[in-house]
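Participant: For reference, the structure I am asking about is given below.
The values are calculated or read from the model by the stated rules, or taken from the named source; none is laboratory data. Bear in mind the structure is a predicted one, so any value in this text is a computation, not a measurement. Here the Cβ is made from the backbone with ideal geometry for all residues, glycine too, and neighbour counts use every protein chain on show. We work out accessible area using only protein heavy atoms, side chains counted, and drop any ligands, DNA or RNA first. Shrake-Rupley method; radii C 1.70, N 1.55, O 1.52, S 1.80 Å.
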Amino acid sequence: MARKFLYAVAVLIVLALAATFAYRFWGIQLLRQALVPTTAVAALSPPPDYARADLWIARPDKPGNPALWTPKGHAATANPPAAVFFLHPTSFLDRTRWNAPLDDRDANGRAELFLRGQASAFNEVGAIWAPRYRQATFGAFLTSKPEAQKALDYAYRDVVAAFDQFLKEADDRPIILAGHSQGALHLSRLLVERVAGTPLAKRVVAAYVVGWPVSVTADLPRMGLPACSGPDEAGCLLSWQSFGEPADPSLIVDTFDATKGFTGKPRAGTAMVCTNPITGRPGDSAPASANLGALIPDSSLKSAELVPGVVPARCEGRGFLMIGGNPPDLGPYVLPGKNYHVFDYSLFWANIRADAKRRLAAYLKR
């Protein structure tokens with residue numbers, strides 16, 4: 001079941017081999033030409049009925065649930081106390097349309113693989129629900145065309161519908177919210193519009209908004225949860241973006257600084273939330289020896305093992321997570337600027353697992 005799961009994320013970014021090489025010579029414009037749709041955004045029907053089991057990639061009663069995968073030495077809990085709502089990253093690469101069909105085999109297959117390497121970190125403490133949604137295509141993140149935002153709005157409608165069904169299924173259990181990349185973007189908006197200022201906020205153990213920038217001053221005040229200040233705190237938000245060194249986060253910074261946050265204030269020049277996933281503390285530094293285990297693929301790329309003590313982490317600058325100048329060889333799937341975005345979860349899998357367990361214990365004690 002774990003076949004190539006770690007490296008499947010790389011398929012998310014056709015940037016990987018040829019495109020990364022091309023980027024170094026011709027830049028972002030070439031990527032836009034290759035990946036941004038040139039068609040109009042097709043009007044989508046209203047969100048589907050998420051009471052249907054087939055609209056979930058992961059749910060507790062799903063046979064072959066990909067979120068139940070674990071590396072050797074770990075196991076999913078049979079009846080965990082919490083409920084987890086997980087939004088997977090972009091797995092749709094087609095430039096012929098702006099939004100993925102719900103039945104797209106390739107996109108759904110990649111999304112299942114993502115869950116094995118990402119959502120699985122939470123299967124000790126929570127029953128995981130991860131919906132299929134009509135995600136925006138990857139090219140939507142490479143352009144400022146209004147079509148891109150429209151495609152993201154369509155995707156978010158599905159997310160809201162899935163979240164409403166999740167709340168029915170979760171009953172009164174504690175809730176963990178988590179996502180990556182596009183999933184984290186939608187999760188950010190969900191926190192603002194559906195969680196902040198409501199009784200639901202008191203049920204949130206933690207929100208893992210990973211692989212998407214969150215401005216401390218322009219976003220966080222509207223998101224309903226404070227940034228986590230320590231490893232034993234519940235009811236708070238974590239976020240990080242991983243870079244090797246020397247890092248060049250200009251692709252992120254340039255886009256981020258050109259936008260306004262949820263408060264309506266400009267994000268330009270603002271600090272970003274940076275939680276060290278090894279320690280659970282903001283703005284922190286930790287040696288590789290404190291890393292409980294990163295998912296590292298074998299030479300055949302057909303499986304992965306959990307290897308401790310190989311990846312350090314420290315928050316630096318405006319809020320990027322630095323993982324040192326000699327991270328493990330993860331193949332050709334590192335993005336321009338030594339951006340380890342693809343591996344934001346897998347590099348710290350065991351620490352994220354421990355973090356969720358601590359925060360749930362703090363919540364239950366509270």
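Participant: Of these, 155, 161, 140, which one is aliphatic (A, V, I, L, M), assigned to a helix (DSSP H, G or I), at pLDDT 95 or above and open to solvent by less than 10 Å² (accessible area, probe 1.4 Å)?
Facilitator: 155
Participant: If residue 215 satisfies all but one of (1) over 13 Å from the mean Cα position of the chain (by Cα); (2) open to solvent by 10 Å² or more (accessible area, probe 1.4 Å), what's the number of the condition it fails?
Facilitator: For residue 215, the exception is condition (2).
Participant: Among the residues of the stretch 337-356 satisfying the criterion of being in a loop (DSSP other than H, G, I, E, B) and of a type in the set (Ser, Thr, Tyr), which is surrounded by the most Cβ atoms within 10 Å (Cβ to Cβ)?
Facilitator: Top of the filtered list is 345.
Participant: Then there is this: Any residue at all in the stretch 178-186 that is touching a residue at least 40 places away in the same chain (Cβ under 8 Å), touching a Gly at 6+ places or on another chain (Cβ under 7 Å), assigned to a helix (DSSP H, G or I) and small (Gly, Ala, Ser)?
Facilitator: Within the stretch 178-186 (the criterion being touching a residue at least 40 places away in the same chain (Cβ under 8 Å), touching a Gly at 6+ places or on another chain (Cβ under 7 Å), assigned to a helix (DSSP H, G or I) and small (Gly, Ala, Ser)), the answer is yes, since at least one residue qualifies.
Participant: Which of the strands (runs of 3 or more DSSP E) found entirely inside the stretch 234-336 contain at least 1 residues meeting this: open to solvent by 10 Å² or more (accessible area, probe 1.4 Å), more than 21 Å from residue 120 (Cβ to Cβ) and without any contact (Cβ under 8 Å) to a residue 40 or more places away in the chain?
Facilitator: So the answer is 313-316.
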